[in-house]
1. Just to confirm my filter: which strands (runs of 3 or more DSSP E) fall fully inside region 1-91 and include at least 1 residues that are farther than 24 Å from THR137 by Cα and in contact with a Cys (Cβ under 9 Å, 6 or more places away or on another chain)?
2. Residue check: is GLU76 in contact with a Ser or Thr (Cβ under 9 Å, 6 or more places away or on another chain) and without any contact (Cβ under 8 Å) to a residue 60 or more places away in the chain?
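Derivation of every value follows stated rules applied to the coordinates shown; laboratory data play no part. None of these values were measured; they are calculated from a predicted model. As a convention, Cβ positions derive from the backbone with ideal geometry for all residues, glycine included, and neighbour counts pool all protein chains shown.
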Amino acid sequence: MNGCFTLVNNVETLSRIPFIIKNLTDYQQIGTPSSKGTKAFALAGKIRQGGLIEVPMGITLNQIIEEIGGGVERGEQLKAIQIGCPSGGCIPAHLCDMQEDFEAFDQVGAMMGSGGLVVLNESDCMVDVARYFLSFTCDQSCGKCTFCRVGIRGVCSLSWRQYDPIHRDRPMHRLHQMRQSLPRRRHPVHPLRKAHHRPQ
């Protein structure tokens with residue numbers, strides 16, 4: 001910024017530095033071989049016991065839901081988990097036995113992001129969920145990159161057309177086309193553009 005080097009880290013990262021320096025050996029024992037340590041999540045949504053939690057890397061999403069969150073509220077069926085942040089993506093229930101680490105999330109097209117973890121049950125409409133988070137990313141786009149400025153708005157517009165019973169298949173086909181093309185563009189100004197195409 002202003003011709004000077006800039007370092008941006010979040011509070012979660014900075015708060016761990018003293019512990020890691022003093023207890024490096026102990027810290028390396030926590031987590032998986034490729035994702036060390038712990039991760040803080042804001043557990044919310046259709047969950048019996050929500051709140052701010054810190055878990056070791058490598059724990060499964062189902063363990064978080066059942067052992068820490070007490071299960072889906074009212075004993076309903078888990079549908080998906082919206083993970084990371086508004087552009088983090090949704091992980092369907094049948095994949096929630098996966099380990100919580102960076103590589104596993106990347107393989108399913110999701111990301112840990114800022115640590116949001118929203119539990120969705122069978123009553124939640126995934127089109128509504130996608131449209132809600134697409135609206136957020138649309139509002140947050142800085143507008144400097146054409147593929148983000150135009151692309152996110154196009155995806156958001158198509159998500160609304162998904163409710164049209166006559167032309168329902170057309171927006172879905174176009175959404176898949178845009179999802180395939182947008183990630184190929186390199187060097188965005190803002191990382192938001194690299195993430196909004198993730199599966200919602």
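1. Numbers: elements: 38-45, 51-56, 78-84.
In region 1-91, the matching strands (runs of 3 or more DSSP E) lie at 78-84.
2. Working: in contact with a Ser or Thr (Cβ under 9 Å, 6 or more places away or on another chain): yes; without any contact (Cβ under 8 Å) to a residue 60 or more places away in the chain: yes.
So GLU76 fits the description; yes.
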